[in-house]
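The structure appears right after this line, and notes come after that.
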């Protein structure tokens, strides 16, 4: 059931020519009306942007990769449709709140950065395409460093930074513990983002080492997070900056069926953490009534859960999905008939259970407080108010 097509001669995406009942979001078209619509059975479709169909909230504190291969600034309560460096659409980026503890994230000339056998000049063009937005670091002797210390209680840390080699071929190393340990990164002449993660670091001292005298690198977007993996770039200057959590919620109406349903969702998780990472959940504001699919904590298992009256009616675990790996999963349900599929594989089923009473759809997070985030991308979401065959789940 494809809703759009790629016109061979022009190689441009065109809007759907047929509209299916339910809720349909295809972020290859962006977050506007071209790829988003809702349709109740027997009614005309409501074709509108995501922010008209859902209540979307999010902050303006981060940057993400736009279609031109450059970082762009987020805007308040505006969906972030992210692309890779080659211009391929990754989808709607949904993230939890995070804080960048690093100061002057793109300005290595500031005194917040301690330089030893290095010099810094804020004269480079950054991955945002802006002149003088990034810092060039030059090693004046071997093992030159540029480091910053943050006073913070012991916690897991992820340090990340955008880097581009300007001159030389020597090792470029990263640390988060003041050089007790160094991790070598392979830096190229193109902008790329690098990260390291370490557990239980107190007062992290993080930054770079240029092993060979005369080597030069450009850096941008230095970031220190108390987390298991890096999130989107959060620019800072004088103080640490917290990014607001994303939330995407729709109050269900006549497009939803209380007796049957099918969902197809294409997603990509950025990293693994202890919390479950929800792709979607239909609920009543609690976990007692729900249909949900999530990637489980450290197990990275794709899990379908249907709960009615606080009792799980279906609990189906599928295979594991790795960090940064795009995947598709599909679910279908009606009374005594549940199925779930991962990446076109065989359907896993449950043949006994009742259905919950739900009022709300949430994308990329769990509850009204916007917790248990996907921390990744949703490229496609399709809900049909009918129980489609298992064969459809494997091919959709």
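Given labels modelled 7 Å from the Cα in the Cβ direction, how far is it in nm from residue 369 to residue 260?
3.8 nm
State whether the stretch 33-120 is rounded, prolate or oblate according to the following rule on the C-alpha gyration tensor (a ≥ b ≥ c being the square roots of its eigenvalues): a/c under 1.5 gives rounded; otherwise a/b larger than b/c gives prolate, and the remaining case gives oblate. Could the numbers behind the result be given before it?
On the way: a/c = 4.69, a/b = 2.64, b/c = 1.78.
In terms of gyration-tensor shape, prolate.
With a 10 Å cut-off between alpha carbons and a GNM built on the chain, which of 195, 159, 247 moves the most?
195
If I stretch the segment between residue 116 and residue 141 completely, what's the gain in nm (0.36 nm per residue apart, minus their alpha carbon distance), one decimal?
On the way: separation 25, 0.36 × 25 = 9.00 nm, distance 0.89 nm.
Fully extending the segment from residue 116 to residue 141 adds 8.1 nm.
So for the pair residue 109, residue 70, with labels modelled 7 Å out along Cα→Cβ, what separation do we get in nm?
2.2 nm
Considering the chain as a Gaussian network with a 10 Å cut-off on Cα pairs, which listed residue, 311, 263, 176, attains the greatest mean-square fluctuation?
Of 311, 263, 176, the most mobile in the Gaussian network model is 311.
Tell me, 229, 206 in order of fewest to most beta-carbon neighbours within 10 Å?
Ranked by crowding around the Cβ, least crowded first: 229, 206.
Let me make sure I get this right: for the stretch 333-396, a, b and c are the square roots of the gyration tensor eigenvalues over alpha carbons, sorted descending. Under 1.5 in a/c it's rounded, otherwise prolate if a/b > b/c, else oblate. Which is it?
Numbers: a/c = 2.09, a/b = 1.32, b/c = 1.58.
The shape class here is oblate.
Between the stretch 284-321 and the stretch 331-396, how far is it from one alpha carbon centroid to the other, in angstrom?
The two parts, judged by their Cα centres, are 9 Å apart.
I need 180, 262, 136 ordered by Cβ neighbour count within 10 Å, fewest first. Let's see the in-between values first.
Details: 180 10, 262 24, 136 19.
The fewest-first ordering by Cβ neighbours comes to 180, 136, 262.
Report the gain in length on full extension from residue 77 to residue 43: 0.36 nm times residue separation, minus Cα-Cα distance, nm rounded to one decimal.
On the way: separation 34, 0.36 × 34 = 12.24 nm, distance 2.93 nm.
Length gained, residue 77 through residue 43: 9.3 nm.
Could you tell me what a quarter of the Cα convex hull surface of the chain works out to, in nm² with one decimal place?
Mean shadow area of the hull around the Cα atoms is 20.2 nm².
Quick one: grab the alpha carbon gyration tensor of the stretch 185-284, order the square roots of its eigenvalues as a ≥ b ≥ c, and give me rounded if a/c is under 1.5, else prolate or oblate depending on whether a/b is larger than b/c.
On the way: a/c = 2.88, a/b = 2.46, b/c = 1.17.
Cα axes put the stretch 185-284 in the prolate bin.
How high is the relative contact order of the chain, given as a whole-number percent (alpha carbon pairs under 8 Å, six or more residues apart)? List each step's numbers first, then the result.
Values: 1166 pairs, mean separation 69.4, N = 396.
18 percent.
Taking the number of other C-beta atoms within 10 Å as the exposure measure, put 334, 225 in order starting with the fewest. Intermediate values should be presented prior to the final figure.
Details: 334 15, 225 23.
Fewest-to-most ranking of 334, 225: 334, 225.
Once you put a point 7 Å from the Cα of residue 349 and another 7 Å from the Cα of residue 286, both along the Cβ direction, what distance in nm separates them?
3.2 nm
If you take the Cα atoms of the stretch 99-243, find Rg, then find the Kirkwood Rh from the mean of 1/r over all pairs, what is Rg/Rh? All intermediate terms of the calculation are to be shown ahead of the outcome.
On the way: Rg = 13.6 Å, Rh = 14.7 Å.
Computed over Cα atoms, the ratio is 0.93.
Report the full-extension gain for the segment residue 200 to residue 213: residue separation times 0.36 nm, less the Cα-Cα distance, to one decimal in nm. Intermediate results must be reported in sequence, preceding the final value.
Values: separation 13, 0.36 × 13 = 4.68 nm, distance 3.23 nm.
Full extension from residue 200 to residue 213 adds 1.4 nm.
If the elastic network links every pair of Cα atoms under 10 Å, which of 102, 274, 222 fluctuates the most in the Gaussian network model of the chain?
The residue with the greatest mean-square fluctuation here is 274.
FYI, it's all coordinate maths here, none of it is from the lab. Just so it is clear, the structure is predicted and the values come from calculations on it, not from any experiment. No Cβ is skipped: glycine too gets one built from the backbone with ideal geometry, and neighbour counts run over all protein chains shown.
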